[in-house]
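Note sheet for the following structure.
The values are calculated or read from the model by the stated rules, or taken from the named source; none is laboratory data. Since the structure is predicted, the reported quantities are computational estimates derived from the model, not experimental observations. Backbone-built Cβ (ideal geometry, glycine too); neighbour counts: all protein chains shown. Surface accessibility is based on the protein's heavy atoms, side chains included, excluding ligands, DNA and RNA. Shrake-Rupley method; radii C 1.70, N 1.55, O 1.52, S 1.80 Å.
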Amino acid sequence: MRITPCQAALAAAITLNLLLLLCSRLVPTVPPPSPWCHHPGDVPRAVPRGVPGVTVILRHTPDGSHHDLASTSRSFSSLPGVTVLVATEVAPYPPVPLPASVTVLSLRPEPHRPPPQPELAVRTRHVALVPDGARAVPGLLRRMKDVLEATSDATIKVVAAPVGSVRPRCLTLEVDIKAWTARYGHVDHTGAHPTAHPTAHPTARCGALAGAPAVLLLRTRDLFSLPFPLTPPVVTSLSLQSSLRGWHLLLLPTAFPLAPRPPPSPHAQWKAQNSLENQHRALMEQLGIKLELLPDGRQRWHGCAKETPRCFGTVHSQTPQYLTAGRWTPPCCLRALRVTTQHVLAELEAAGVRYWLEGGSLLGAVRLGDIIPWDYDVDLGLYREDVAKCRWLAAVLSTGHPVEDPQGFFWEKATEGEFFRVHFSRSNRLHVDLWPFYARPGGIMTKDTWLGHRQDVEFPERFLVPLVPVAFAGFTAKAPNDPRAFLELKFGPGVIENPEYPNPEVRRLAQDV
């Protein structure tokens, strides 16, 4: 059969249309660019990183005060081979015209746009995080990059340079995720880093920087391997995440200038300080850090307090939620338990109530002199006939209602059975359990409520006659006169030397060691 030219042309047209239709189905539609983008045709795409040069990221955190983004971005975008991005949750305000070469990247997810992926906008091998107000110095970014690539210390992942006349403090940093704690210390300056130059401020190897702004330069792949690469405050955030990976920062002696600004009004100063504190608090919550131990010995707390709920919810199967996540009791909760215990013991002793440390609390006293680091309450035994001697327990019994004492501790009868609880506060339900025991015939101590815990067993009264002092949580408490025998009766032989979580069927200590 012969095909005419007209038939061939028609067949070619149909084939072409089919191919175009197939391509339109296979190639995804490019999302519309952000209205903040200064390049309407530019949509970040995944491209191989390795382009020479440095991408400067200005991390804008709106606090209502005047910013210097326009001048800062103009200064750094004038450098050859440097791309400038402004990363922010909201468009910079007050609005200012940025240089045409500068792109503003939105970090806030919006329902009508694809999720933010700032890493797709960075195409260079290196990236520099620059604070607002810094001014470029020709050649300094290149020198920072050369130092990073030349160092023989594999733990150096960030090179920093001061901004302004005040040099950041170089600190050591250890982050203990299991204990929800960050520990800062002073760096030993007896020896300078091998790359140091003979200047007043030698190059220093740091775990963290504090006290003054700095430019941070690192490899792009390292920055975006972090779970929170651009979370403010950037220097603190990067230091904490670096510490968890064994990374260090190298602080150079040469500084970037800081643009002079008129002194802020008291209100503007308060707003800026308040914004910084809120950012810091939000970062600690995001990273799960409840306590910062500062180099001067001060403590900065970020967890629960008297007026807030405790850090964890209802405990099931003797295993709090944080334990299933491989963490131990938050330090703020341990602190509240210690304070509550000390208060309860003072009340019981003043009233002449015979009490003793019970169960895991006695185990912690014998093993550590403190609360076991994964325990979530404190247990005390007491003689049932002494309960009414304590004015707060007597009030609970007589009224049938909880009682709040003048110090804000909350005394109540437990709903689960015949025992009492003393909470840190009405809001914060970290508590001490008070278990009334009495002697049955034969001198065996028993009680009316058993919760099926491993240590729920009767025991001879001879362990309580006499009671003996024992160090516990920073003070002295009363304990059975033969703690080892008492504990091995309750838990089994070797319990002191072989620590284990309360319910090994749910989670074992070996999983977290």
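In straight Cα distance, which aspartates and glutamates are under 13 Å from LYS178, not counting same-chain residues fewer than 8 positions off?
Straight-distance partners of LYS178: ASP512.
Just to be sure I understand the model, the point goes 7 Å from the Cα along the line to the Cβ. What's the resulting GLU505 to ALA272 distance in nm?
6.0 nm
Assuming 0.36 nm per residue, please report the length gained on full extension of the stretch THR324 to GLU418 beyond their Cα-Cα distance.
Once the chain is fully extended between THR324 and GLU418, it gains 30.9 nm.
Set the Förster distance to 45 Å, then compute FRET efficiency between ASP512 and VAL90 from the Cβ-Cβ distance, nearest 0.05.
Here the calculated transfer efficiency is 0.65.
Beyond 23 Å between alpha-carbons counts as too far, so tell me which of LYS290/LYS490; LYS389/LYS478; LYS306/LYS447; LYS306/LYS478; LYS389/LYS413; LYS271/LYS306 fall in that bin.
Check vs 23 Å cut-off fails for LYS290/LYS490; LYS306/LYS447; LYS306/LYS478; LYS271/LYS306.
What nm value, rounded to one decimal, do you get for the distance between LEU451 and THR399 when each label is placed 7 Å out toward the C-beta?
2.4 nm
Using 0.36 nm times the number of residues separating ARG426 and LYS306, minus their current alpha carbon distance, what extension gain do you get?
42.4 nm
If contacts are Cα pairs under 8 angstrom and at least 6 residues apart, what is the relative contact order of region 321-511 in percent?
21 percent
So, in nm, how far is label ARG462 from label GLN407 when the simple model puts each one 7 Å beyond its Cα toward the Cβ?
Each label point is offset 7 Å from its Cα along the Cβ direction, giving 3.7 nm.
Using +1 on the beta carbon of Lys and Arg, -1 on that of Asp and Glu, and nothing else charged, what's the dipole of the chain about the Cα centre, debye to 20?
I would put it at about 1980 debye.
If you fit an axis through the alpha-carbon atoms of helix 140-150 and take the longest principal axis of the Cα set of the chain, what angle between them do you get, 0 to 90°, nearest 10?
It is inclined by approximately 70 degrees.
Just how far, in whole angstrom, is region 246-275 from region 201-239 if you go by their alpha carbon centroids?
Taking the Cα centre of each part, region 201-239 and region 246-275 sit 14 Å apart.
Probe radius 1.4 Å, ligands and nucleic acids ignored: give me the carbon and sulfur share of the accessible area of region 321-511 as a rounded percent.
The C+S portion of the solvent-accessible surface of region 321-511 is 52 percent.
Starting from the Cα-Cα distance between ALA282 and ASP146, subtract it from 0.36 nm times their residue separation and give me the gain in nm to one decimal.
This chain segment gains 45.5 nm when fully extended.
Taking the dipole about the Cα centre of region 372-415, with the C-beta of Lys and Arg at +1 and of Asp and Glu at -1, give me whichever of VAL403, ALA388, VAL378 is farthest to the positive side.
After comparing all options, I get ALA388.
Mind ordering 403-411, 471-479 by average Cβ neighbours within 10 Å, highest first?
Taking the mean over residues of other Cβ atoms within 10 Å, the ranking is 471-479, 403-411.
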